[in-house]
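Colleague: Quick one: the structure is below, questions incoming.
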Amino acid sequence: MDKKYIWLILVILILVGGFLILGTKKQINPPKELVVGAIFPLTGSTAQFGELFRQGLDASLKDSKNIKIIYEDSGGDAARGVTAFQKLVNIDGVDIVLPIISKVAAPLVPLMREQMVPGIMSLVATNSATSKDNNYVYRLFWTADETGIIFAQRIIDAGFTNVGLLQAKNEVSQSNIDVIRPLLEKAGVKVSIETFQDPDTDFKTQLSKLKSENIQALGILTIPPVSMKNIITQTKQLDINIPLYDILSVFLNPGVPEMLGSLANNIYTIATPYLIGDYKKDFKDQYQSQTGKELTGYSSIGYDMGTLLKYLVDQKAFDRNSITQVLADMKSFEGISSPYIIDDMHNIKPTISKAQYINGVIQKSEK
């Protein structure tokens, strides 16, 4: 055979071999992907919280190609949350979990630690959810210490001397009571407390007792939107015409004031600076202009969760160990809701602003 043809064949073989090797390398080293397990209430009485948070998270990750979210519906139920966690960790092999709402997240805290799976909770205010020595569990939200203190300070600043608290019997409500009661009593404020079970719908007995104590303001500690609706409706039915405070920020779920209609007017609540127009206004306007939508209520915190996941990817944290290390090294974080400070208890804390629902809008409040 002519040498010219032999050299040609050799060149072709080398080129083909090179392409085969490159193709094999691509298969061996595919693009890295952060696999995230999101345990959200997408059905049940707290489904609106899950849907809002999901909207924000999905909006934040819209253009992210190397983050995969696997959603599991907890239904707001602790046992279903545990089942979802085990499935995500042991079958799907997720790198990080995102449980939201206290009732679901609290039982997962020891599991995350035992199985060494990093997790970032949100919409969880229970103080005991995070700790210095648990490097696997973080919280992207405010704590009961913060919500309890800001409510107590509002009452003291307003000069009230006799207040009522209507409290659901759950961990997050009790965590707030444990902060509020001693602060108010130390300031000489009389505190009357009535409790109820989460599924209750009739609160007239408790409200009547509080009314008989001649309270000057009422703090409400509940989470399901329908509970808040029923409580506020029944205060009006009983002619309890005093300032009402949404201590747990349930009004950041737009479905709550929508259900209440005009009864929602003047309710005191809390919010992030973004939601009252004090932070990232340019982003807010641009997002609305581009999408025709708003990141309302908890959806803005969901958006921040997505931003935090993108930061992990930027830091090449694609496995549980590297994720844990990157989170441990963080001291602050900038979202759209507010600047976040990360404390030694592993709380990624946004700024809390005093707010009030006025004429269909959550606005900044001086009181």
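We did not get these values from a lab; they are worked out from the coordinates using the rules stated. What you are looking at is a predicted structure, and each value in this text was computed from that prediction instead of being measured. FYI the Cβ positions are ideal-geometry reconstructions off the backbone, even for glycines, and counts take in every protein chain you see.
Colleague: What residues have an amide H closer than 5 Å to that of Asp198, excluding those fewer than 5 places away on the same chain, when H is modeled at 1.01 Å from N in the peptide plane?
Modeller: Answer set, sorted by chain and number: Lys169.
Colleague: State the Cα centre-to-centre distance between the range 247-286 and the range 312-332 in whole Å.
Modeller: 32 Å
Colleague: Let me ask another. Of all trypsin sites (Lys or Arg not before Pro) in the range 164-195, which ones are in loop regions per DSSP and have a Cβ with at most 14 other Cβ atoms within 10 Å?
Modeller: Lys169
Colleague: Now for a separate question. Determine ³J(HN,Hα), in whole Hz, for all residues of the range 105-117 in sequence, where each value follows from phi through the Karplus function 6.51 cos²θ - 1.76 cosθ + 1.60 and θ = phi - 60°; x replaces Gly and Pro.
Modeller: 6, 3, x, 7, 4, x, 5, 4, 5, 4, 8, 6, 10
Colleague: In which sequence would Thr130, Thr351, Thr205 go, from the one with the fewest C-beta neighbours within 10 Å to the one with the most?
Modeller: The fewest-first ordering by Cβ neighbours comes to Thr205, Thr351, Thr130.
Colleague: Which residues' amide hydrogens lie under 5 Å from the amide hydrogen of Leu165, considering only partners 5 or more residues apart or on another chain, with H built in the peptide plane?
Modeller: Distant-sequence amide H within range of Leu165: Ser192, Ile193, Glu194, Gly219.
Colleague: Can you give the calculated 222 nm mean residue ellipticity of the chain, where each DSSP H run of n ≥ 4 adds -39,500 (n - 2.57) and the sum is split over every residue, rounded to the nearest 500 deg cm²/dmol?
Modeller: Details: 13 runs with 161 residues, N = 367.
Value at 222 nm, helices only, nearest 500: -13500 deg cm²/dmol.
Colleague: Using the Karplus curve 6.51 cos²θ - 1.76 cosθ + 1.60 with θ = phi - 60°, what ³J(HN,Hα) values do you get for each residue of the range 329-346, in whole Hz, with x for Gly and Pro?
Modeller: 7, 7, 10, 7, 7, 10, x, 8, 6, 4, x, 10, 10, 9, 8, 6, 8, 6
Colleague: If you don't mind, there's one more thing I want to ask. Using θ = phi - 60° and the Karplus curve 6.51 cos²θ - 1.76 cosθ + 1.60, what whole-Hz ³J(HN,Hα) does each residue of the range 286-291 get, with Gly and Pro shown as x?
Modeller: 5, 4, 5, 5, 7, 10
Colleague: Determine, for Ile240, Ile120, the number of other Cβ atoms within 10 Å of each Cβ, and report the residues in order from fewest to most.
Modeller: Fewest to most other Cβ atoms nearby, the residues stand as Ile240, Ile120.
Colleague: What is the order of Lys293, Lys209, fewest Cβ neighbours within 10 Å to most?
Modeller: Fewest-to-most ranking of Lys293, Lys209: Lys293, Lys209.
Colleague: For the range 237-367, what is the per residue volume of the convex hull drawn over the alpha-carbon atoms, in cubic angstrom? Could the numbers behind the result be given before it?
Modeller: On the way: hull volume 19.2 nm³, N = 131.
Expressed per residue, the convex hull around the Cα atoms of the range 237-367 is 147 Å³.
Colleague: A further question on this structure: Please report the antiparallel percentage of DSSP beta bridges with both residues in the chain, rounded to the nearest 5.
Modeller: Around 30 percent of the beta bridges assigned by DSSP in the chain are antiparallel ones.
Colleague: For the Cα atoms of the chain, what angle does the longest principal axis make with the long axis of helix 171-186, in degrees from 0 to 90, nearest 10?
Modeller: The two axes meet at around 50 degrees.
Colleague: Using amide H atoms built in the peptide plane, which far-off residues or other-chain residues are under 5 Å from Tyr71 H to H?
Modeller: When sequence neighbours closer than 5 places are left aside, the close amide H contacts are Ala38.
Colleague: Something else now. Can you tell me the alpha carbon radius of gyration of the range 130-170 divided by the globular rule-of-thumb value 2.2 N^0.38 Å?
Modeller: 1.64
Colleague: Counting Lys and Arg as +1 and Asp and Glu as -1, what is the net charge of the other residues whose Cβ lies under 15 Å from the Cβ of Asp92?
Modeller: Values: positive: Lys68, Lys87, Arg320; negative: Glu33, Glu72, Asp73, Asp95, Asp319.
Summing Lys/Arg as +1 and Asp/Glu as -1 gives -2.
Colleague: Now for a separate question. Plugging the Kirkwood radius over Cα pairs into Stokes-Einstein for the chain, at a temperature of 4 °C and a viscosity of 1.567 mPa s, what D comes out in µm²/s?
Modeller: Here the translational diffusion coefficient equals 58 µm²/s.
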